[in-house]
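One structure is given below, encoded as structure tokens.
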């Protein structure tokens, strides 16, 4: 089996919601034979879901990841390349290119447009493979940027990387020694920066798609009440934390 697929299956299996589902299944299976163990599994599942969906917990967790890099403003010197990491899309000829992108890719595309307006001298590198689609994410992002007015000759594509590590390995030789801006989601930025720095490239971070817009904002009672959207936010933070842990362990043994 493909190592990339194995990594995705393992990471999906240890997300909070899936762990809770496994605990609930164990609770049902053991209900008659081991009622005490069944109750413990049930209580653990409910507690995990509750904690993961509390805004006060989820926002604190996510802010600790997103606050590593500030939003991009303006480079003190000309920008040579704007690198935008791959996301996800689903091709559909009935929709405009921009509507075929998922939320993360849309957020990254908007940030690329904003930075390009500040630094029109830059060239753009889009990245990301096709997976099960006929078109790579890099090409779909390029088509979307062209639709919004950026000339085709200003956009380069890297159509084969399947994950961030491969993106850093394939793009870094192109941009070595240049002034580079890296665009990806804020939660993903710490891991992405580490991969590029390992390859000898030290880009300017341009995080986008912040889950927590203003962590210092005064909160009302809803901040302490479960919210299904915060369960998704916690899952993203957990995924990125596991990714950084795996990255750290791999660096130790490499």
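The values are calculated or read from the model by the stated rules, or taken from the named source; none is laboratory data. This is a predicted model, so every value here is computed, not measured. Cβ: placed from backbone, ideal geometry, glycine included. Neighbour counts: every protein chain shown.
Remarks
- The stretch 197-240, subset free of Cβ contacts under 8 Å to residues at least 60 places away in the same chain and in contact with a strand residue (DSSP E or B) (Cβ under 9 Å, 6 or more places away or on another chain), residue surrounded by the most Cβ atoms within 10 Å (Cβ to Cβ): 201
- Pair list, Cβ under 6 Å, 6 or more apart: the stretch 130-152 residue in the same structural domain as residue 105 (by TED's automatic domain parsing) and free of Cβ contacts under 8 Å to residues at least 24 places away in the same chain, other residue buried (at least 16 other Cβ atoms within 10 Å of the Cβ) and not in a loop (DSSP other than H, G, I, E, B): 139/157; 142/126; 142/155; 142/157
- Per this entry, residue 194 is counted among residues that are surrounded by fewer than 19 Cβ atoms within 10 Å (Cβ to Cβ) and either under 18 Å from the mean Cα position of the chain (by Cα) or in contact (Cβ under 8 Å) with a residue 60 or more places away in the chain (or both).
- Selection of helices (runs of 4 or more DSSP H) fully inside the stretch 30-121 by the criterion of at least 1 residues being farther than 30 Å from residue 151 by Cα returns 35-53, 55-66.
- Qualifying residue in the stretch 218-226 (condition: farther than 22 Å from residue 165 by Cα, out of contact with any helix residue (DSSP H, G or I) (no Cβ under 8 Å at 6 or more places or on another chain), in a loop (DSSP other than H, G, I, E, B) and at pLDDT below 95): yes
- Whenever a residue of the stretch 84-112 is assigned by TED's automatic domain parsing to the domain that holds residue 204 and without any contact (Cβ under 8 Å) to a residue 40 or more places away in the chain, its partners that are assigned to a loop (DSSP other than H, G, I, E, B) and crowded, with 22+ Cβ neighbours inside 10 Å, lying with C-beta atoms within less than 8 angstrom and at least six residues away or across chains, give the pairs 102/87; 105/86; 105/87.
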